[in-house]
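Enquirer: Before anything else, here's the structure in question.
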Amino acid sequence: MLGNLTLICYDNKRHSRHCIQPGQVRKEAAITVNVWVCHFISMKKTAEQTPETFMRIALEEAKKARELDEVPVGAVIVRDGKIISKAHNLRERNQQASAHAESLAIAKASRKLKTWCLDDCDLYVTLEPCMMCTGNIILSRIRNLYYGTADPKGGAVDSIIHIKEIKKLNHHPRVFPGIIQPECAAILTDFFREKRKKPKRDSQSFKREMQK
């Protein structure tokens, strides 16, 4: 029996003491355990949300593009550890030159957040962005850019253009290249290897096929 025993506890938020009566002890203990369990789960979840984690999700988007016979590039936009938008290349499907994964993901994120300014968002893309997409990344104020593999022929971040060296730009995202690079490169290499084995399609017949 606890009788008239009174426990003295400290409220960290109020920086003061308060008493817990005997009947409250079990309830307070249960609440404390639940708080710590939730905190542990939250810490574990946060620890798992690495750049590699989000890039693998972008890679899944790239695989969707490959299934559509599109150049396999995928992109993901993340805000506060949560995915805001996902996209993959749809240039052939949409017959639209600007339908690159990054630009589509940025457009989706802007619609969802109801703002063009994505300065608290991070972009993950499997291939180094081209000039068009790099421009969209700068204009939309993307905070951090993570990309998988470099594009020596068209990359406009670190390859044919080095945006860090263009000092007059009004925004420079922080750039983190080479995230799971071997896997991001492999899907592109395999795609183009298979393409070279097939006879080239007539552009007009392809357009008619896509319009059906």
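No lab work stands behind these numbers, since they all come straight from the coordinates. Source: prediction; values computed, not measured. Because the Cβ atoms are built from the backbone with ideal geometry, glycine has one as well, and the counts that use them run over all protein chains shown.
Enquirer: In nm, what is the difference between 0.36 nm times the number of residues separating Lys195 and Lys112 and their Cα-Cα distance?
Expert: Value of the extension gain: 26.3 nm.
Enquirer: Between Rg and the Kirkwood Rh of region 75-164, both from Cα atoms, what is the Rg to Rh ratio?
Expert: Radius of gyration relative to Kirkwood radius: 0.95.
Enquirer: Then there is this: Can you give the extra length, in nm with one decimal, that the chain gains between Glu183 and Ala97 once fully stretched, where that is 0.36 nm per residue apart less the Cα-Cα distance?
Expert: So the chain would gain 28.4 nm between Glu183 and Ala97.
Enquirer: Next question. In what sequence, highest mean first, do 105-114, 121-130 appear when ranked by Cβ atoms within 10 angstrom?
Expert: The most tightly packed comes first, giving 121-130, 105-114.
Enquirer: Still on this structure, please answer the following. Please sort 83-91, 135-143 by packing, taking for each peptide the average over its residues of neighbouring beta carbons within 10 angstrom, highest first.
Expert: The packing order, highest mean first, is 83-91, 135-143.
Enquirer: To continue, here is another question. Mind checking the full-extension length gain between Ile161 and Glu67? Use 0.36 nm per residue of separation minus the Cα-Cα distance, one decimal, nm.
Expert: Working it through step by step, the gained length comes to 30.8 nm.
Enquirer: Let me ask something else about it. Quick check: net charge around Ile180, other residues with Cβ under 11 Å of its Cβ, Lys/Arg +1 and Asp/Glu -1?
Expert: -1
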